[in-house]
1. Taking the stretch 53-73 only, how many residues are outside any helix (DSSP H, G or I) and in contact with a helix residue (DSSP H, G or I) (Cβ under 8 Å, 6 or more places away or on another chain)?
2. From the list I9, I76, exactly one residue is β-branched (V, I, T), part of a strand (DSSP E or B) and in contact with a His (Cβ under 9 Å, 6 or more places away or on another chain). Which is it?
3. So which of I62, I26, I76 ends up being out of contact with any Gly (no Cβ under 9 Å at 6 or more places or on another chain) and within 28 Å of L133 (Cα to Cα)?
4. Looking for something surrounded by fewer than 22 Cβ atoms within 10 Å (Cβ to Cβ), in contact with a strand residue (DSSP E or B) (Cβ under 6 Å, 6 or more places away or on another chain) and assigned to a loop (DSSP other than H, G, I, E, B) - is there at least one such residue anywhere in the stretch 189-205?
5. Please verify whether the stretch 138-158 includes one or more residues that are farther than 20 Å from H55 by Cα and part of a strand (DSSP E or B).
6. So if I check each of A134, A125, which one is buried (at least 18 other Cβ atoms within 10 Å of the Cβ) and closer than 22 Å to D183 by Cα?
7. Just a yes or no: is a residue in the stretch 117-127 outside any strand (DSSP E or B), without any contact (Cβ under 8 Å) to a residue 24 or more places away in the chain, more than 25 Å from E63 (Cα to Cα) and of a type outside the set (A, V, I, L, M)?
8. Scan the stretch 56-66 and give yes if some residue there is touching a Ser or Thr at 6+ places or on another chain (Cβ under 8 Å), at pLDDT 95 or above and over 17 Å from F195 (Cβ atoms), otherwise no.
Amino acid sequence: MDLSAYNLIDITQTYDPGVPGFDYQIVKSYEEDGWNALNLNIYSHSGTHMDAPAHFNLPGTIENIPPDQFIGRAWIAPILIHEHQQLILVKDLSPQIINDLQPGDSLILHTNWNPEIGLDVYRDALPRISEELALWCVNRQIKMLAVEPPSVADVNNMEEVTKIHLILLGGNVVIIEGLINVDKIQKDRVILMAFPLKIKGGDGSPARVIAFEEK
């Protein structure tokens, strides 16, 4: 890959103690020990992260997802959000995506949910993937489904959150949640790369997610 042909857009949240589920302690300092080091305390689904099937008790942990699942062409799907807890339907996707998306492509839903980070509505009023759209993603063999909210479903409704995750994860769709900076992507297609930590038995992991936008 000729990297000079692409703009690299980091669509990953920065981890700091303000991110729910993340904290750290200073354990070494350059002045006292000769180097700097931190102990990191990270909830496996904090910030920008990836879900493994084991997150909902399905076979498959994060370290066993094949690396080729983490790289591929992705379509940017602008979604107009006009109400809290809005269900995202197949009809909300552009005709081009519906007609031209190929098996193995990925989908980044741009709902402009980033301004809500830090507010209660970021978690409690997030736009949700409908059952119809989840099944469509599986049937169209989507590789990765990436969203800006912290979940693809209503985290306060266990029946819904379980159903949507089981459909997607059970259908071999990698789920990426908690994106930022999607508004900085100008093209309708990018190369998406999302790499989680390789955690043995992991149900999910923070991930560094980069969009490669052709110049």
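1. The first filter runs over the stretch 53-73 and keeps only residues outside any helix (DSSP H, G or I), leaving 57-61, 65-66, 71-73.
Remaining after also requiring in contact with a helix residue (DSSP H, G or I) (Cβ under 8 Å, 6 or more places away or on another chain): 58-61.
Residues in the stretch 53-73 being outside any helix (DSSP H, G or I) and in contact with a helix residue (DSSP H, G or I) (Cβ under 8 Å, 6 or more places away or on another chain): 4 in total.
2. Working: I9 fails: in contact with a His (Cβ under 9 Å, 6 or more places away or on another chain).
Exactly one residue qualifies, and that residue is I76.
3. I76
4. Yes, the stretch 189-205 contains at least one residue that is surrounded by fewer than 22 Cβ atoms within 10 Å (Cβ to Cβ), in contact with a strand residue (DSSP E or B) (Cβ under 6 Å, 6 or more places away or on another chain) and assigned to a loop (DSSP other than H, G, I, E, B).
5. no
6. The match here is A125.
7. yes
8. Yes, the stretch 56-66 contains at least one residue that is touching a Ser or Thr at 6+ places or on another chain (Cβ under 8 Å), at pLDDT 95 or above and over 17 Å from F195 (Cβ atoms).
The values are calculated or read from the model by the stated rules, or taken from the named source; none is laboratory data. Everything numeric in this text was worked out from a predicted model, so none of it was measured. Positions of Cβ are backbone-derived with ideal geometry, glycine not excepted, and every protein chain shown enters the neighbour counts.
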